[in-house]
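Enquirer: Let me give you the structure first, and then I'll get to my questions.
No value in this document is a laboratory result; all are computed from the given coordinates. Source: prediction; values computed, not measured. Cβ sites come from the backbone with ideal geometry, for glycine too, and all protein chains shown count toward neighbours.
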Amino acid sequence: MGSLRLPGALPVLNEAAVESAVKIGKALNADIAEDTRFHRKNYYYPDLPKNFQITQYDAPICADGTLEVSVEGTRRDIGITRAHLEEDPGSLQHKGGSIDTADYTLVNYNRAGTPLVEIVTEPDFRSPQETRAFLAKLEEVLEYLGVFDATRDGSLRIDANISLVPADEVDDDGAISDDALEAANRTEVKNISSHKGAEKALAYEVTRQKNAIQRGRAVEQETRHWDESRGITVSMRSKEEEKDYRYFREADLPPLQVAHWKEEIPIPELPDARRERFHTEYGIDEESASKLTSTKEVADFFEDVAAEFDADLAATWVADNLLGELNYRDMHITDVSDRLDEFTRLVELVAADEVTTKNAEEIVLREMLDEGKDPDTIVEEEGLGKADDDEIGGFVQEAIDENPDAVEDYHNGEGGALNFLVGQVMQKSKGSADPGTVNQLLRERLDE
């Protein structure tokens, strides 16, 4: 749905938003509703000038899903209660401080009325660390679906709920009875915008609530604000209950039937499946497979390179060399996706033994990213063409003639002397010599 909030304007259902919600439901192994409908959620807050939000109440578009997460080698399914469509409110911008110390607060309505999907989990998390792992996994899945852009400000917003219960209410499997959960006052923490922020906010709340209980104070059921800069939560208001929102049907949006086309909405190969395929099809180790499937764009880029070269060579150059240099520059694979042919040419130069791996990694690739040049131009301008055996032989002899002390040390059995001479040859060749060939030629000459 969407609305410009002009006087008399009526909401209109956004087809792309519905498709995105169905994709999310499929990826989370959730049940997709045959029929779904919209409600008005009534509350008074500056970010919602009409005083109600269009959302879904008792008939969400997706329900009863799961997402597997892994923490320190332990895999567990986190239950997904529901995923529903609703409209975005505005955002508050606190100037001159945080929520409780700001000089004044502005309200930005630019995003108000645009559709979003809210995903609600079961109370299955056992630690703040597991929560962070879940969020990272969820974000990865959403990026693969093409329904989420991590580079956009505010694209991920987290409301974290936490309750503490007595240890004797927890069974051996970590499960907590519904009665114990119902009896515990729940704190909701808002203004969380990152995985790390969620972990830190929950860890802070665990400590705060433990301290309150140990001092004999009650833990209030309330909504709190996460202050990232101070690393604390601040009380905002008492926590509303469902009845406080006075839900009723949204008369301006008819019930939605998705049964006839939900099967026609495809989803791509998801991260876990692609990771496993890379491991089995290409023989790539799990660590490299994880790097290469971190985003759909990285995985696509790798497969394009692997189509031209040995998979191990392609994996090394994409997972280790390219991603490492991009991370160092705070760049993303999308920044170089239009230069696939140039990157493939660089790998080709290495595979054809026309440039050393060292020079390709430390000079050519870096200049490609920093200066935008193609690899052939860089090799020519820097004189990085790989030296032939005759050239290397000349450099070897020069190194021997110029360093008699190192030669004597070598003959006296000092291993470091050979490494020193190899370094001298590499310096003379400007890195264009193969270190293995240099080592072999030096040994042959020195052992004559």
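Enquirer: For the pair residue 414 and residue 257, how long in nm is the line joining their label points, each one 7 Å along Cα→Cβ?
Expert: My value for the distance between the label points is 8.9 nm.
Enquirer: Give the Rg (one decimal place) followed by the Dmax (whole number) of the range 102-163, computed from C-alpha coordinates and expressed in Å.
Expert: Final numbers for Rg and Dmax: 14.6, 41 Å.
Enquirer: With only Lys, Arg, Asp and Glu charged, each at its Cβ (+1 for the first two, -1 for the last two), find how big the charge dipole of the chain is about the Cα centre; round to the nearest 20 debye.
Expert: Roughly 3540 debye, rounded to the nearest 20.
Enquirer: Just round it to a whole percent: the fraction of Cα-Cα distances in the range 15-264 exceeding 33 Å.
Expert: Pairs farther apart than 33 Å: 21 percent.
Enquirer: Set the Förster radius R0 to 35 Å, insert the Cβ-Cβ distance between residue 185 and residue 42 as r into 1/(1 + (r/R0)^6), and round the FRET efficiency to 0.05.
Expert: Plugging the Cβ-Cβ distance into 1/(1 + (r/R0)^6) gives 0.90.
Enquirer: Using Cα-Cα distances under 8 Å and only pairs 6 or more residues apart, what relative contact order does the chain have, in percent?
Expert: Relative contact order comes out at 11 percent.
Enquirer: On to the next question. Positive end of the charge dipole of the range 18-126 (Lys, Arg +1 and Asp, Glu -1 on Cβ, about the Cα centre): tell me which of 38, 115, 91 has its Cα farthest that way.
Expert: The residue sitting farthest along the positive end of the dipole is 91.
Enquirer: Are there any trypsin sites (Lys or Arg not before Pro) in the range 21-54 that are in a DSSP loop and have at most 15 other Cβ atoms within 10 Å? List them by number.
Expert: For trypsin sites (Lys or Arg not before Pro) across the range 21-54 that sit outside H, G, I, E and B with at most 15 neighbouring Cβ atoms in 10 Å, the list reads 50.
Enquirer: Taking the alpha-carbon centroid of each part, what is the distance from the range 119-159 to the range 5-45 in angstrom?
Expert: Spelled out, the Cα-based centre of one part sits 19 Å from the other.
Enquirer: Calculate, in whole percent, how much of the Cα-Cα pair population of the range 271-382 lies beyond 17 Å.
Expert: 50 percent
Enquirer: A further question on this structure: Rounded to whole Hz and in sequence order, give me ³J(HN,Hα) for the range 99-105 from the Karplus expression 6.51 cos²θ - 1.76 cosθ + 1.60, θ = phi - 60°, writing x for Gly and Pro.
Expert: So the J values, rounded to whole Hz, are 4, 9, 10, 5, 5, 7, 10.
Enquirer: Further question on the same structure: Of (1) 43.6, 148; (2) 21.0, 60; (3) 29.7, 96, which is the value of Rg and Dmax of the Cα atoms in Å derived from the coordinates here?
Expert: So the structure-derived entry is (3).
Enquirer: Continuing with the same structure: I'd like the distance separating the alpha-carbon centroids of the range 405-423 and the range 330-396, in whole Å.
Expert: Answer, in whole Å: 31.
Enquirer: Could you identify which residue out of 100, 168, 58 has the top mean-square fluctuation in a GNM of the chain using Cα springs shorter than 10 Å?
Expert: Comparing 100, 168, 58 in the GNM, the peak value goes to 168.
Enquirer: Between residue 207 and residue 136, what FRET efficiency follows from the Cβ-Cβ distance if R0 is 25 Å, with the result rounded to 0.05?
Expert: FRET efficiency, residue 207 to residue 136: 0.60.
Enquirer: If I take every Cα pair under 8 Å that is 6 or more residues apart in the range 180-313, average their sequence separation and divide by the length, what percent do I get for the relative contact order?
Expert: 16 percent
Enquirer: Can I ask one more? Please compute the length gained on full extension between residue 107 and residue 320, using 0.36 nm multiplied by the number of residues separating them and subtracting their Cα-Cα distance.
Expert: Net length gain for the segment: 72.3 nm.
Enquirer: Which FRET efficiency value, to the nearest 0.05, is calculated for residue 235 and residue 165 with the Förster distance at 25 angstrom and r the Cβ-Cβ distance?
Expert: Plugging the Cβ-Cβ distance into 1/(1 + (r/R0)^6) gives 0.70.
Enquirer: Out of 128, 89, 46, any idea which swings most in a Gaussian network model of the chain, alpha carbons joined below 10 Å?
Expert: Greatest mean-square fluctuation among the candidates belongs to 46.
Enquirer: So if each residue of separation counts as 0.36 nm, and I subtract the Cα-Cα distance between residue 122 and residue 10, what length gain in nm does that give?
Expert: 36.9 nm
Enquirer: Moving on to the next point. Restricting to Cα pairs below 8 Å that are 6+ residues apart, what does the relative contact order work out to for the range 271-382? Please round to a whole percent.
Expert: Relative contact order comes out at 18 percent.
Enquirer: Report the label-to-label distance for residue 312 and residue 446 in nanometres (one decimal), using points 7 Å from each Cα along the Cα→Cβ vector.
Expert: Roughly 2.8 nm, to one decimal.
Enquirer: Still on this structure, I have one more. For every helix of n ≥ 4 consecutive DSSP H residues, a contribution of -39,500 (n - 2.57) applies; sum these over the chain, divide by its total residues, and give [θ] at 222 nm rounded to the nearest 500 deg cm²/dmol.
Expert: That calculation yields -11500 deg cm²/dmol at 222 nm.
Enquirer: Given charges of +1 on the Cβ of Lys and Arg and -1 on the Cβ of Asp and Glu, with all other atoms neutral, how large is the dipole of the range 341-448 about its Cα centre, in debye to the nearest 20?
Expert: So the dipole magnitude of the range 341-448 works out to roughly 260 debye.
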